[in-house]
Amino acid sequence: MAGCVSRVELSVSCRSLLDRDLGSRSDPLCVLLQDVGGGHWAELDRTERIKNCQNPEFCKKLVVDYYFEKVQKLKFGVYDIDNKSFDLNDDDYLGGIECTLGQVVSSSVFTRPLELKQGKPAGKGTIMISAEEIKDTRVVYLDIEARNLDKKDFLGKSDPFLEFYKQSDAGTWQLVYRSEVVIKNNLNPCWRKFSVPLQTFCGGDFNKPIKVQCADHDSDGSHDLIGTFETNLTQLQEAGDCSPVEFECIHPEKKQKKKSYKNSGIIRIKSCKIETEYSFLDYVMGGCQINFTVGVDFTGSNGDPKSPDSLHYISPDGINEYLIAIWSVGSVVQDYDTDKLFPAFGFGAQVPPSWQVSHEFALNFNPSNPYCQGIQGIVDAYRQILPQIRLYGPTNFSPVINHVARFAAQSAQQGTASQYFILLIITDGEITDLDQTRQAIVNASKLPMSIIIVGVGEADFKAMEFLDGDNGVLKSLTGEPAARDIVQFVPFRQFKNAPREALSQMVLAEVPKQLVSYYKWQGWPPVKLPEIKKV
């Protein structure tokens, strides 16, 4: 297991971005990508989108694991977002840079001109990135409302939002949180509860000055200040369920001009709680076992395994796309499983002795003990079974998903973060039981499990992309939404000429987040709690 030295949080701001929108300014967002080898880049994180702004200071921090022993090539891309789709290919590119994480962490503020492509500047656009090590996993949860705010809009009431700033060691103010929800036409707003990592909020210093600004949102980006106040986390923490802490919201200019000026409204902190948020490594190091299961598609659309154009044809050097996918994903996951015994199943073939079609048969032909010893055991079982079965159909995913879900459900009944399940399905993409699979995934989303689908061959993988919830929450046929996004789909053809580790890095990128999101949702800490480090 590679040792992650630490996690760093990157703060990004830009100046003088190109203007791509007619009649208004650009709506920028910054995406962070990491080089995974072979010319491929995997997205690590992205900021929020800021409307009508050419000099954005992004509030959402980009979090990246920092490995001292690796050259981690990063790419920052700034896009003008004019639609709701997750995909950035249909958005205007405002420029980007390539650098290494080492360069960023060794600069106090890493500043570079943005480029549209190498050697072509993006106007006068520049990007500024600063890094801060995350030394603390505690999180501040806040619940805030206001009353009697000043009216700022000529025809209606104000549309208030909040911004929190922490004071840097140099005395400057750095944005740490901007409320998402702009509450329209309301002088007594109650904002949605929100959370900010303690490190982001105040660097772990409970007495560090915090400035809170309340402003009236204007769609053209020219927000009007309602008022401001300064505090610190120690003061905010005095807020309890029955005793909110109140601050007068002061507009400095109004205070100077009017002797009778009292305030521009009251901000009430209804509650301020600090809780610990655990990381993937906290759970793994705390004793969580990751159980790996493989499901292999043996349907007729793969082609006759004896024919060189079949996806199951084993080449003279002993490989095919199915075997490469098993090796590359399995070789990473096996490090997190102590017994190295992996169940492996096939689906969509006629199997002896009855030659009935099965959608859930053990690759080792031993249904009572379908476990293979290590990744090599899965590979050996796959090679041995190929000549003994008849590829057939249909392509049903739900039986193998439900099989793993039964084990995940048994584990969940223990009520501890001790077992997590990863199912790797390798398929040529012609899925038959889409509705049943949707239901199986929605059910599995409530369990400690993730599903990775690797699509082999040249098929149209629209159904697979639909199951991967990147473009919105997956729903069952009855409309029930998935509790969390647990499916990651990757077409193998994108990685044909890339190093093997590129595929595993891409398909496993989401698993740590999925594991943490499940245990956080359940409120389960690691089995063995990490030692609390003094900050």
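When the gyration tensor of the range 394-451 is built from Cα positions, what are the square roots of 5 times its three eigenvalues, in whole Å, from largest to smallest?
Values for the range 394-451, descending: 23, 11, 8 Å.
Taking Cα atoms, how many degrees apart are the long axis of helix 511-522 and the longest axis of the chain, rounded to 10 and kept between 0 and 90?
Its long axis makes an angle of about 70 degrees.
What are the extents of the Cα atoms of the range 358-496 along their three principal axes, listed from largest to smallest and rounded to whole Å?
Principal extents (Cα only, largest first): 42, 40, 27 Å.
Which is the longest part of the chain that has none of the chymotrypsin sites (Phe, Trp or Tyr not before Pro) sitting in a DSSP loop with at most 12 other Cβ atoms within 10 Å?
Longest stretch, sites excluded: 155-354.
Taking the alpha-carbon distance from K73 and a cut-off under 20 Å, which aspartates and glutamates remain once sequence neighbours fewer than 8 residues away in the same chain are dropped?
Of all the aspartates and glutamates, those that pass the test against K73 - Cα under 20 Å, at least 8 places apart if same chain - are E9, D35, E43, D45, D65, E98, E115, E132, E133, E501, E510.
Tell me, how many Å apart are the Cα centres for the range 225-298 and for the range 359-414?
47 Å
Using only Cα atoms, what Kirkwood radius does the range 74-167 have, in angstroms?
After inverting the mean inverse Cα-Cα distance, the result is 17.7 Å.
Find the relative contact order for the range 1-134 and round it to a whole percent, using C-alpha pairs within less than 8 Å whose residues are 6+ positions apart.
Contact order relative to length: 31 percent.
Taking just the alpha carbons, could you work out the radius of gyration and Dmax for the range 1-149, both in angstroms?
16.7, 58
If one puts a single equal scatterer on every Cα of the chain and applies the Debye formula without solvent, what log₁₀ I(q)/I(0) results at q = 0.08, 0.13 Å⁻¹?
The Debye formula, applied to the Cα set alone, gives -0.62, -1.35.
Which whole-number value in Å³ per residue fits the convex hull of the alpha carbons of the range 193-302?
Taking only Cα atoms, the range 193-302 has a hull volume of 244 Å³ per residue.
Using only Cα atoms, tell me the angle between helix 398-412 and the longest principal axis of the chain; keep it within 0 to 90° and round to the nearest 10.
Relative to the chain, helix 398-412 is tipped by roughly 60 degrees.
Counting residues in the range 221-280 as N, plug N into 2.2 N^0.38 Å and put the Cα Rg over that result.
Here the answer is 1.51, to two decimals.
Would you mind computing the Rg to Rh ratio of the range 24-71 from its alpha-carbon coordinates, Kirkwood style for Rh?
1.10
When N counts the residues of the range 325-428, how does its alpha-carbon radius of gyration compare numerically with 2.2 N^0.38 Å, as a ratio?
Output field value: 1.11.
Where only protein heavy atoms count, and the probe is 1.4 Å, what is the accessible area per residue for the chain in Å²?
Per residue, the chain has an accessible area of 47 Å².
Please compare each pair in K61/K270; K51/K270; K211/K270; K60/K184 to a cut-off of 20 Å on the Cα-Cα distance and tell me which ones are over it.
K61/K270; K51/K270; K60/K184
Of the heavy-atom accessible surface of the range 184-297 (probe 1.4 angstrom), what whole percent is carbon and sulfur?
For the range 184-297, the apolar C and S fraction of the accessible surface comes to 46 percent.
Along each principal axis of its Cα atoms, how long is the range 262-354 end to end? Whole angstroms, biggest number first, please.
That works out to 85, 35, 33 Å along the principal axes.
Using the Kirkwood radius over C-alpha pairs as Rh, can you work out the diffusion coefficient of the range 264-313 via Stokes-Einstein at 37 °C, viscosity 0.692 mPa s, in µm² per second?
In µm²/s, the coefficient rounds to 190.
What is the gain in length, in nm to one decimal, between N52 and T276 on full extension, counting 0.36 nm per residue of separation less the C-alpha to C-alpha distance?
Full-extension gain reported as 77.1 nm.
Please work out the ratio of the alpha-carbon Rg of the range 436-535 to 2.2 N^0.38 Å and round it to two decimals.
1.28
In Å, the Kirkwood hydrodynamic radius of the range 139-247 over pairs of distinct alpha carbons?
Value: 14.6 Å, from the Cα pair sum.
The values are calculated or read from the model by the stated rules, or taken from the named source; none is laboratory data. On a predicted model such as this, the values are computed, not experimentally measured, just so you know. We place every Cβ from the backbone using ideal geometry, glycine too, and count neighbours over all the protein chains shown. All accessible areas refer to the heavy atoms of the entire protein, side chains included, with ligands and DNA or RNA removed. Shrake-Rupley method; radii C 1.70, N 1.55, O 1.52, S 1.80 Å.
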